[in-house]
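The values are calculated or read from the model by the stated rules, or taken from the named source; none is laboratory data. From a predicted model like this one, the values you see are computed outputs, not experimental measurements. So basically every Cβ, Gly included, is an ideal-geometry build from the backbone, and we count neighbours across all protein chains shown. These area figures cover heavy atoms from the full protein model, side chains too; ligands, DNA and RNA do not enter into them. Shrake-Rupley method; radii C 1.70, N 1.55, O 1.52, S 1.80 Å.
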Amino acid sequence: MRISVIGCGYLGAVHAACMAKLGHEVVGIDVDQRKVAALSAAQAPFYEPGLEDLLEEVQSTGRLSFTTDMSTAAGSNVHFICVGTPQKKGENGADLSYVDAALNGLLPYLSPGDVVVGKSTVPVGTASRLAHAVVDQEPTAHLVWNPEFLREGHAVSDTLKPDRFVYGVSGGSEEHAAVAVLDEVYALPLSTGTPRLVTDHPTAELVKTAANSFLATKISFINAMAELCEASGADVTRLADAIGMDDRIGRKFLNAGIGFGGGCLPKDIRAFMARAGELGADQALTFLREVDAINMRRRTRVVELTRELCGGSLLGQRITVLGAAFKPESDDVRDSPALSIAAQLQLQGAVVTVTDPEALPNAARRFPELHYEPSTELAVQKADALLLLTEWNQYLALDPYDLAGSVANPRILDGRNVLEPFKWRAAGWIYRGMGRP
Ligand code: UGA
């Protein structure tokens, strides 16, 4: 099939490459000339394992190209909208200006029977509004809402082999003409048993925000338990193991620590609350305010624990932060708890050095006042305390015996509860976890 993908950021670049991998002829369209140039040279504008190899592979087949020229969409029958929906400045709601601009740019190039497929995360009600604009322009065209569930760091495999497909079509009927078109787009993963659900527009939009809200709630639930564990001397990691053995609960997303960040969960729960308010259903989501508050409290807690670890004062203490990205296998620092903690410590008088295998250029753009050191070995020299805040594999593999010779004081705060306390204590370190005795 001939497919256009509008917006070549995280979602769009991966989606375009994966659609070409599925055998389609794809054009990726973005307003950012530099992004288009990089992608055309098979370079990913961000760190995502496996993406550059995939770009190279599919570009060599001639099935994938990138351009800034929206008129090239005219050659396609299926158009994916993959632009961002960031949090509005100074408000909780989502900024839909990129979605609106993408659709308005596309409308003049629609042909009879075309299918426009929204993948961006949008407030419920957006799809119906956009569907009207599509039909006003081209009465035989359709708009489908097909939310994306990919995780950064696993984006390629999540796109090629998702847990499920959700197609939101007007009326919600399996017989809707656009269903067969999307089935053809996703023929390969569907043939290997990936389930697909057909819903109406608002349900499809809500599936995405509900899923992210549930994940955020799960993390904040276990972080609330971590607070209880801290108050009572219990161990949240064993608690999570034990409750996670109940199939109904499950162990995934029950890792207590410094909390969630990134470009999705924090802004999605806030936009969801804002939208519920507009719909007069704000009470239904007041619990998400608490989810957000618990999450933010973890950051303050790390600062307090670091102060304790340093003997009561942060002034002049040399702190090394291991990890700046909001999670491993990503160079994304949007709302990264690690960076926000690093900045807080510096404000409170500590001398902070931040290291990360991939995210330092992005981190330096966001917090230019922090000191960055790419080499772990140099970053830990003469440190008064180490803070492991993003669980990259290389930090998990650090040897406490080797490291003890490099630091000024062998103290470590394990913000992700991924190190083995006994091993570190045996090597002479003062070890602190999150919600652990
Ligand atoms: C999230 C969802 O997981 C995806 O399904 C969704 O498609 C995506 O948002 C999106 O809306 O586009 P992502 O932001 O890549 O994906 O990151 P997650 O893997 O969900 O992690 C989010 C944050 O939660 C990270 O900071 C991570 O460190 C933290 N986390 C995760 C915990 O603190 N504890 C856990 O047990 C799990």
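Figures for the structure shown
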read-out: Within the chain, longest stretch free of exposed GluC sites (Glu not before Pro) [DSSP loop, at most 10 other beta carbons within 10 Å]; value: 176-368
read-out: For segment 222-238 and segment 293-322, distance of Cα centres in Å; value: 18
read-out: DSSP bridge orientation in the chain - percent antiparallel, rounded to nearest 5; value: 5
read-out: Gain in span if fully extended, residue 129 to residue 378, counting 0.36 nm per residue against the direct Cα distance; value: 84.2 nm
read-out: Fraction of accessible area attributable to carbon and sulfur, segment 36-165 (%, probe 1.4 Å); value: 49
read-out: Where labels lie 7 Å past Cα in the beta-carbon direction, separation of residue 61 and residue 430 in nm; value: 5.7
read-out: Where the chain is the region considered: accessible area per residue in Å², 1.4 Å probe; value: 42
read-out: Nearest-20 debye value, segment 1-115 charge dipole, Cβ charges on Lys, Arg, Asp, Glu; value: 120
read-out: Furthest towards positive pole of dipole, 397, 269, 231, structure part the chain, Cβ charges; value: 231
read-out: Helical segments meeting 24 Å axial Cα length and Kyte-Doolittle 0.0 threshold in the chain (DSSP H); value: 201-232
read-out: Sequence-separation-based contact order of the chain, relative, with Cα cut under 8 Å and 6+ spacing, percent; value: 12
read-out: Separation between Cα centres of segment 1-25 and segment 145-168, rounded to whole Å; value: 13
read-out: Residue with peak Gaussian network fluctuation, the chain [Cα springs, cutoff 10 Å], from 51, 403, 339; value: 403
read-out: Accessible carbon and sulfur surface of segment 201-437 relative to its total accessible area, %, 1.4 Å; value: 57
read-out: Length gained when the stretch residue 293-residue 313 is fully extended (0.36 nm per residue, less Cα-Cα span); value: 4.6 nm
read-out: Cβ-Cβ FRET estimate between residue 194 and residue 242, R0 fixed at 41 Å, reported to 0.05; value: 0.80
read-out: Coil-residue trypsin sites (Lys or Arg not before Pro) of segment 26-119, DSSP, other Cβ within 10 Å capped at 11; value: 89
read-out: Net dipole in debye of the chain [+1 Lys, Arg Cβ; -1 Asp, Glu Cβ; about Cα centre; nearest 20]; value: 1120
read-out: When each of 218/423; 88/218; 161/218; 21/88 is checked by Cα-Cα distance, pairs over 32 Å; value: 21/88
read-out: Gain upon complete extension [residue 104, residue 31; 0.36 nm per residue less C-alpha separation]; value: 24.9 nm
